[in-house]
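Shown next, in structure tokens, is the structure this report addresses.
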Amino acid sequence: MRKKGAQRERILHLLEEEGGVTEDAVRRISAETGVPEADIWGTGLFYTLISKPGKRVRVCDGLSCRIKGADELFERLAEQGKECERVSCLGQCDRAPATLDENLEQVCYGGVERGVMPDDPSLPMNLGGPRVDSYASLEKAKEIGSDAVIAEIEAAGLQGRGGAAFPAHIKWKGVRGQAETERYVICNADEAEPGTFKDREIILRQPHLLLEGLAIAAHAVGAKNVAIYIRGEFTSERRMIEKAIEEAGDKISDLDWKIYNGHGAYICGEETALIESMEGKRGMPRLKPPYPTEYGFRGKPTLMHNVETAACVPAIVERGGEWFKGLGRSEPGTKLYCVSGHVNRPGVYELPLGVTLDELVEVAGGYDGTPVAFSPGGPSSGFLPISARDVPLDFKSLANAGSMLGSAGLVVLNDTVDMVMATKWQLDFFERESCGQCAPCRIGTRYLRRQVDSFLADGDPDSLEFAGDVGWEMEEGSICGLGMVAAKPLESAMKHFPEVFEERSSE
Ligand SMILES: Cc1cc2nc3c(=O)[nH]c(=O)nc-3n(C[C@H](O)[C@H](O)[C@H](O)COP(=O)(O)O)c2cc1C
Ligand code: SF4
């Protein structure tokens, strides 16, 4: 059984090596692995980075890039004869409008140069204070043992930084308590929510902190295997992780480390879709329960964490949970906030969890123009009006305000932005990225985008009459978080900016 699974796990990698899905490639891979050709077609076509063979420049369609001229840039590159493709997100909102060249390397064809660059020494990103990469916390964790480590994680109040804010210690206990001894730790480095680029910065600036955190987690839950699933567009980030694993050498070589490439599908950031993808399948979320802590990668207990969550762990072990908790303002710890859009110095800033928008934007060089709205955590969080600027930027307060912190990818919009158009761009994103397995999400994302297109074309308010009902169906009837929040941009824009819709209205 495992043998068959092992062959299947290879197919995405083999398609990547072949340069994409072609008849010849599929035939060869099928002969080599025994996986039926139709199955390989179906799997490969799910992923944008391998669905179409051939090299091209990729231009980002994320909100920050659209408001900073992605459309014009795309046209200009096409006029220059470059083969171009528009993609949902490139994880470079601080360099908008972002592009990747034919070899998936980051380039700046038209983006601003003022984005904070990874090696900028003026930008702190210590996740708790300056550190040396001695792996001393890992040694300490081994010394004090699993119970004590998990107790510190619990005392720290560490919430998952991948978006759901789930208490980390519950998952650690869940995996450690399983009877099955083949266990996995997976790092979710798929970072693809438009507006978010903090994991990229951790990997580039503090790769050892990440590896040390994952190693501590693996020892604490009794896992021998650590996998890092990194988004396919993160070429230099992958190289950085490989280098760091090599540099760490003996300090972490008692664990089996593997890096898996993503292949261009936002949904693979969802934990069970990510596991499906690692198993060589289409990245379609599983029904939960069972949760990955019980039935994860290869059906085994799996602890999955976001890059930032894992990177918080060494300092917690070193300085104690209470210390970490005290760093936050309204919730425990510091937070890496990503800020882009209409601010003067887009970038990633580490601040106490619970600062306000004004405090964050002050660090980011101030507002560019007159702010009217912000999106606190990517398209999934919808929009808030600038009057919500005093809401603490934490998980609970933003949920109470009808939004979410999510992965803290804040995009600020000034009064030059057409809010209806911005709404449509966010809906485009969900329509494109829905995996399609649940009818409410598959049909609902398309329906909402079409209705907004129709409203933009003729201003007929009847186009939006059923938007609320459809949004409710999507929230109630979807398997995963994507479908549950996909109506949020429209719902929040209509709620907070009714005058913008009225102005456009033909009646
Ligand atoms: C549609 C969708 C996309 C997601 N994308 C990511 C992602 O890119 N990175 C991430 O760490 N978590 C992402 N998540 C959350 C993961 O499912 C999971 O909660 C997280 O990796 C757990 O790690 P944490 O406990 O450290 O937050 C996503 C969830 C959904 C529903
Ligand atoms: S809600 Fe959407 S993205 Fe999530 S599983 Fe269903 S169809 Fe796929």
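The charge dipole of region 2-51, taken about its Cα centre with unit charges on the Cβ of Lys, Arg, Asp and Glu (plus for the first two, minus for the last two), comes to roughly 340 debye. In this simple spin-label approximation, K243 and S51 carry label points 7 Å from Cα along the Cα→Cβ vector, and these lie 3.3 nm apart. Only the Cβ atoms of Lys and Arg (+1) and of Asp and Glu (-1) were treated as charged; on that basis the dipole of the chain about its Cα centre amounts to roughly 1440 debye. The listed peptides 160-173, 32-45, ordered by packing as a protection proxy, come out as 160-173, 32-45 (highest mean of other Cβ atoms within 10 Å first). One decimal place: the segment E72-A179 gains 32.8 nm when fully extended, by the rule 0.36 nm per residue minus the C-alpha distance. Would you please give the FRET efficiency between D254 and K325, computed as 1/(1 + (r/R0)^6) with r the Cβ-Cβ distance and R0 = 35 Å, to the nearest 0.05? Rounded to the nearest 0.05, the efficiency is 0.70.
Other residues within the sphere of radius under 11 Å centred on the Cβ of G382, judged by their own Cβ, net out at +1 (K and R +1, D and E -1).
Remark on K335: its backbone amide H falls under 5 Å from those of L351, L353, a criterion applied only to residues 5 or more positions apart or on other chains, H modelled at 1.01 Å from N. Most tightly packed first, judged by the mean number of other beta-carbon atoms within 10 Å of their residues, the peptides 76-88, 253-265, 134-146 read 253-265, 134-146, 76-88.
The HN-Hα couplings worked out from phi for region 159-175 by the Karplus form 6.51 cos²θ - 1.76 cosθ + 1.60 (θ = phi - 60°) are 9, x, 8, x, x, 8, 6, 6, x, 4, 5, 5, 5, 4, 5, x, 6 Hz, whole numbers, x standing for Gly and Pro. Along region 262-272 the Karplus relation, 6.51 cos²θ - 1.76 cosθ + 1.60 evaluated at θ = phi - 60°, assigns HN-Hα couplings of x, 10, x, 8, 3, 4, 5, x, 5, 4, 7 Hz to successive residues, with x for each Gly and Pro. The charge dipole of region 336-414, taken about its Cα centre with unit charges on the Cβ atoms of Lys, Arg (+1), Asp and Glu (-1) only, comes to about 180 debye. The calculated FRET efficiency for D458 paired with E16, based on their beta-carbon distance and R0 = 30 Å, is about 0.10. Seen through its C-alpha gyration tensor, with square-root eigenvalues sorted a ≥ b ≥ c, region 387-507 comes out oblate because a/c lies at 1.5 or above while a/b is not bigger than b/c.
In terms of surrounding Cβ atoms within a 10 Å radius of their Cβ, R183, R176 rank from fewest to most as R176, R183. Go through P392, S137, S330 and say which Cα lies farthest out towards the positive end of the charge dipole of the chain; charges sit on Cβ, +1 for Lys and Arg, -1 for Asp and Glu. Sorting the options by dipole projection puts first S137. Neighbours of V57, meaning other residues whose beta-carbon lies under 15 angstrom from its beta-carbon, give a summed charge of -3 when Lys and Arg score +1 and Asp and Glu score -1.
Amide hydrogen proximity for T356: with H placed 1.01 Å from N in the peptide plane, the residues at 5 or more positions away or on another chain lying under 5 Å are L393. Distance distribution note for the chain: the fraction of Cα pairs above 29 angstrom is 50%.
Taking θ as phi - 60° and the Karplus parameters 6.51, -1.76 and 1.60, the scalar couplings of region 431-436 work out to 4, 5, 9, 4, 6, x Hz in sequence order, x denoting glycine and proline. Positive end of the dipole of region 306-412, charges at C-beta (+1 Lys, Arg; -1 Asp, Glu), about the Cα centre: which of V348, S407, V372 has its Cα farthest in that direction? It is S407. Measuring against 23 Å, Cα to Cα, the residue pairs K251/K281; K171/K488; K3/K52; K52/K281 contain K251/K281; K171/K488; K3/K52 as the ones spanning a longer distance.
Applying 0.36 nm per residue to the separation of R450 and K288 and subtracting their alpha-carbon distance, the gain on full extension is 55.3 nm. In this structure, the amide hydrogen of N414, modeled 1.01 Å from its nitrogen in the peptide plane, lies closer than 5 angstrom to those of H342, V372, counting only residues at least 5 positions away or on a different chain.
When peptides 320-327, 433-440, 301-308 are ranked by their average number of other Cβ atoms within 10 Å per residue, the highest-first order is 301-308, 433-440, 320-327. Candidate cross-link partners of K4 among the aspartates and glutamates, defined by an alpha-carbon separation under 14 Å and a same-chain spacing of 8 or more, comprise E32, D39, E279.
Bear in mind that the values in this text are calculations on the coordinates, not laboratory data. Bear in mind the structure is a predicted one, so any value in this text is a computation, not a measurement. For neighbour counting, all protein chains shown are included, and Cβ atoms are generated from backbone atoms with ideal geometry for every residue, glycine included.
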